[in-house]
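Asker: Here's a structure for you.
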Amino acid sequence: MGSGWGAYNRILGAGDFSGDGRADLLARDGSGNLWLYKGTGSATAPFAGRVRIGTGWGTYTMLVAPGDLNGDGRADLLGVNAAGDLYRYLGTGTGSAISARVKIGYGYQIYDTLY
């Protein structure tokens, strides 16, 4: 699958973020950039080159890709900041891959991990 994956402090995969029907990966680097690796469906080259879909993701102490939260067939993403606020990003199935964040909870600082 290549080299350079050590640049990421979080790698997530739980479905199709790009809307093409193939499983994708999201990766956060040490600068807080969020990258999308679109699935190709090829065993010899399973992911296309990365595309940056966001910045500022270092604010989250926890990130999790739980699958499809709202039943639209697209993968979604959750993030928790240091204050314990829980934010939801819905998968869009477009080039941007995820929607703007919406706060959906608080008090999550009591957890050390989300799965």
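Asker: Give the residues of segment 68-98 that are among the small types (Gly, Ala, Ser), modelled with pLDDT of 90 or more and open to solvent by less than 40 Å² (accessible area, probe 1.4 Å), sorted by residue number.
Answerer: Filtering segment 68-98 for residues among the small types (Gly, Ala, Ser) gives 71, 73, 75, 79, 82-84, 91, 93, 95-97.
Right, trim to modelled with pLDDT of 90 or more and you get 71, 75, 79, 82-84, 91.
Once the filter is applied, which keeps residues that are among the small types (Gly, Ala, Ser), modelled with pLDDT of 90 or more and open to solvent by less than 40 Å² (accessible area, probe 1.4 Å), segment 68-98 yields ALA75, GLY79, GLY84, GLY91.
Asker: Name the residue that is most open to solvent (accessible area, probe 1.4 Å), counting only residues in segment 3-34 that are within 13 Å of ILE98 (Cα to Cα) and of a type in the set (A, V, I, L, M, F, W, C).
Answerer: Of segment 3-34, the ones within 13 Å of ILE98 (Cα to Cα) are 15-19, 24-26, 34.
Next, from what is left, pick out any that are of a type in the set (A, V, I, L, M, F, W, C): 17, 25-26, 34.
On the way: PHE17: 0, LEU25: 29, LEU26: 1, LEU34: 2 Å².
Checked segment 3-34; the qualifying residue most open to solvent (accessible area, probe 1.4 Å) is LEU25.
Asker: Whether any residue in segment 35-44 is surrounded by fewer than 17 Cβ atoms within 10 Å (Cβ to Cβ), modelled with pLDDT under 95 and among the hydrophobic types (A, V, I, L, M, F, W, C) is what I want to check.
Answerer: Yes - at least one qualifying residue is present in segment 35-44.
Asker: Exactly one of (1) out of contact with any Asp or Glu (no Cβ under 6 Å at 6 or more places or on another chain); (2) more than 23 Å from GLN109 (Cβ to Cβ) is unmet by TYR8. Its number?
Answerer: For TYR8, the failing item is (1).
Asker: Given the criteria closer than 25 Å to TYR106 by Cβ, touching a residue at least 60 places away in the same chain (Cβ under 8 Å) and surrounded by 16 or more Cβ atoms within 10 Å (Cβ to Cβ), does ALA65 qualify?
Answerer: Against the criterion (closer than 25 Å to TYR106 by Cβ, touching a residue at least 60 places away in the same chain (Cβ under 8 Å) and surrounded by 16 or more Cβ atoms within 10 Å (Cβ to Cβ)), ALA65 does not qualify.
Asker: Could you tell me which of the residues SER18, SER31 is at pLDDT 95 or above and more than 20 Å from LEU114 (Cα to Cα)? Write out each step before concluding.
Answerer: Numbers: SER18 fails: at pLDDT 95 or above.
The unique qualifying residue is SER31.
The values are calculated or read from the model by the stated rules, or taken from the named source; none is laboratory data. On a predicted model such as this, the values are computed, not experimentally measured, just so you know. Neighbour counts run over all protein chains shown; Cβ positions are idealised from the backbone, glycine included. Ligands, DNA and RNA are excluded from the accessible area calculation, which covers all protein heavy atoms including side chains. Shrake-Rupley method; radii C 1.70, N 1.55, O 1.52, S 1.80 Å.
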